[in-house]
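For reference, the structure discussed in these notes is given below.
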Amino acid sequence: MGAAGDTGGYDSPAEQTVDRTLSRLRRIDSRPDPAVEAPPPAGGPLTLADLYRDHRMRLVRLAVLLVDEPATAEDVVQEAFTGLHRHWTGLRDEAAAVGYLRTAVVNGSRSVLRRRRTAREYVAPHQVNARSAESLAMLSAEHQAVVDALGTLPPRQREVLVLRYYGGLSEAEIAEAAGITRGTVKSTASRALDTVARVMAERSGGR
């Protein structure tokens, strides 16, 4: 995966398109949320409240991109923070805490998707919350098409692309968060990008 920030090049046009879309979404979601209390003066010890304020929105977006439902994504992230609270004393620092949260969100999203498959029924999407709707509304038609194409991928392929290009993670970090090897990360990303390119070509050709 040769996204900008690694080698400065891309292995395929699909990779460039996915990176451009999810990077755009990441920048939108990184803006301060006016509904969240401003951070206290620097210098105090890191707290759960600090992590919640600084990382919750991007974790919710990560979960939305994995499970498609904003309301369910909110639940997944809330469960992740609940688990973090239980393991708080055993974590070394902020990086370890954020790594725990990412892995918990990926695992929670997988559980949601497994329950859907087991039930063998379509779960109607919840209404997108205001913040998520605002983010998506600011995407161009091309970016919207990429998000739609991501939604057609099998769960693991979607996880790898979302963690890489929205989460900005390295192959090693993706492997840790998703519980797979680095080799599997690379091969999964390659298959996923091929599928995104095919889906987008089919849909653009059908217009």
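For region 162-175, 3J(HN,Hα) computed residue by residue from phi via the Karplus equation (6.51, -1.76, 1.60; θ = phi - 60°) reads 5, 5, 6, 9, 9, x, x, 8, 7, 4, 5, 5, 5, 4 Hz, glycine and proline entered as x. Karplus-based coupling profile of region 58-66, in residue order and whole Hz: 5, 5, 5, 4, 4, 5, 4, 5, 8, with θ = phi - 60° in 6.51 cos²θ - 1.76 cosθ + 1.60 and x standing for Gly or Pro. Applying 1/(1 + (r/R0)^6) with R0 = 25 Å to the Cβ-Cβ distance of Ser204 and Arg27 gives a FRET efficiency near 0.50. The phi-based Karplus calculation (6.51 cos²θ - 1.76 cosθ + 1.60; θ = phi - 60°) puts the 3J(HN,Hα) values of region 15-20 at 5, 4, 5, 5, 4, 4 Hz, whole numbers, x for Gly and Pro.
Taken together, the values in this text are just the output of simple stated rules run on the coordinates, not laboratory data. Keep in mind it's a predicted model, so treat the numbers as computed, not measured. Quick reminder, even Gly has a Cβ in these numbers, built from the backbone with ideal geometry, and neighbours come from all protein chains shown.
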